[in-house]
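These notes concern the structure reproduced below.
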Amino acid sequence: MVDLTLSLAPGTYGAENREGPGVTVSQRHGLHILHLAGDLSDTDFPTAARHALGLPLPQLAGETRDGHGVRVLWLAPNRWLVVSGHKLETDAFGEKASVNDVGQGRSVLRLSGRSVRDLLCKGCPIDLDPQSFSAGHAAATLLGHLNVVIDCIADDVFDLYVTRSFDHFIHDWLVRAGKEFGVRISAA
Amino acid sequence: MLEINCPYCGKRAQKEFTYAGDAGAERPNLETGTNQDWFEFVYLRNNPRGLHDELWHHSAGCRRLIKVRRDVVTHEIIDTGAPSDSLSTGAS
Ligand SMILES: [Zn+2]
């Protein structure tokens, strides 16, 4: 896939700290992203999905599951985001599933650093306290007016799924909002 | 700002929702509804002081429609649920 994203030039923006930038932003490439829909109450669907994914679908609000190089994010009742490093066959989910490849339309940013929660808090209405939003939680929500999916990978590591055409905007937003912490945009 | 308890996602800020109208408006029967019934359904709404059932769309979350029982005087949200749920009256 030709990558047409127009991000900010790599470098450090905003405050300079002795400990280094508070947040590092890098782009994740080569991910396959599927939007999966299906009715859990029809047992054929979750069974086929479990075979295709190699792990059971998360069923709790905001739950994520990980394994065999696949990460599955609960988005809504009967809706999931499936992220993998290798290509998954859409047919494998069976006839009861509706699978759409949305990888071309998403930009995935990896945010890390000691100030990452403080930065996200500035534009996101959900409670990002580590007690309520920890690794294994993801949420479809807002960040600086944009619809995003935020996936907590570790205490100070998050993946951000953004509509690809807003990639530049979100970089710009992160840099402006993160001025006080220092933001490093790493080379692609 | 209101905090709305989405029955699917949990408590979320009002910012994530879009108001989607009166949950009590009943669509007239396609066969038997008169012009007057349709006029009332499309244009006329009660404007109660107190409890009001509303539809909200969790547009920046799960993208489901939900039903919210809200006191329009105090903004207190009494209960939320799926559009087909019957909500609590708050009188305990
Ligand atoms: Zn919701």
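The values are calculated or read from the model by the stated rules, or taken from the named source; none is laboratory data. The shown structure was predicted, so the numbers you read here are calculated from the model rather than taken from an experiment. Every residue, glycine among them, receives a Cβ derived from its backbone with ideal geometry; neighbour counts consider all protein chains shown. For accessibility, only protein heavy atoms count, side chains too; no ligands or nucleic acids. Shrake-Rupley method; radii C 1.70, N 1.55, O 1.52, S 1.80 Å.
Which condition number does residue A:93 fail, the rest of (1) of a type outside the set (A, V, I, L, M); (2) open to solvent by 10 Å² or more (accessible area, probe 1.4 Å); (3) away from chain B (no Cβ under 14 Å) being met? All conditions are met except number (2).
Only a single item in (1) within 14 Å of another protein chain (Cβ to nearest Cβ); (2) touching a residue at least 60 places away in the same chain (Cβ under 8 Å); (3) not in a strand (DSSP E or B) is not met by residue B:75, and it is number (1).
Confirm whether residue B:4 is surrounded by 13 or more Cβ atoms within 10 Å (Cβ to Cβ), within 30 Å of residue A:138 (Cα to Cα) and more than 13 Å from the ligand (Cβ to nearest atom). No. Checking each residue in the stretch B:15-48 for being open to solvent by 80 Å² or more (accessible area, probe 1.4 Å) and within 14 Å of the ligand (Cβ to nearest atom) picks out only B:15. Looking across the stretch A:137-160, the residues that are buried (at least 16 other Cβ atoms within 10 Å of the Cβ) and more than 13 Å from chain B (Cβ to nearest Cβ) come down to A:151, A:152, A:153, A:156, A:158, A:159, A:160.
Of note, residue A:110 does not satisfy the criterion of being touching an Asp or Glu at 6+ places or on another chain (Cβ under 7 Å), over 20 Å from residue A:148 (Cβ atoms) and touching a residue at least 40 places away in the same chain (Cβ under 8 Å). Of all residues being surrounded by 20 or more Cβ atoms within 10 Å (Cβ to Cβ) and of a type in the set (Val, Ile, Thr) in the stretch B:49-79, which is farthest from the chain's Cα centre (by Cα)? Just the residue, please. Among those that are surrounded by 20 or more Cβ atoms within 10 Å (Cβ to Cβ) and of a type in the set (Val, Ile, Thr), it is B:66. Residues satisfying the criterion are absent from the stretch A:53-68 (criterion: in a loop (DSSP other than H, G, I, E, B), more than 27 Å from residue B:58 (Cα to Cα) and either within 15 Å of the chain's Cα centre (by Cα) or within 16 Å of the ligand (Cβ to nearest atom) (or both)). The sole residue among B:12, B:63 that is within 16 Å of the ligand (Cβ to nearest atom), at positive phi and free of Cβ contacts under 8 Å to residues at least 60 places away in the same chain is B:63. For residue A:20, the criteria (1) assigned by TED's automatic domain parsing to the domain that holds residue A:152; (2) of a type outside the set (A, V, I, L, M); (3) crowded, with 17+ Cβ neighbours inside 10 Å hold in every case but one, which is (3).
Residue-by-condition table, conditions (1) hydrophobic (A, V, I, L, M, F, W, C); (2) outside the structural domain of residue A:85 (by TED's automatic domain parsing); (3) over 22 Å from residue B:17 (Cα atoms):
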site	(1), (2), (3)
A:111	yes, yes, yes
A:116	yes, yes, yes
A:120	yes, yes, no
A:129	no, yes, no
A:148	yes, yes, no
A:157	yes, yes, yes
A:160	yes, yes, no
A:165	no, yes, yes
A:172	no, yes, yes
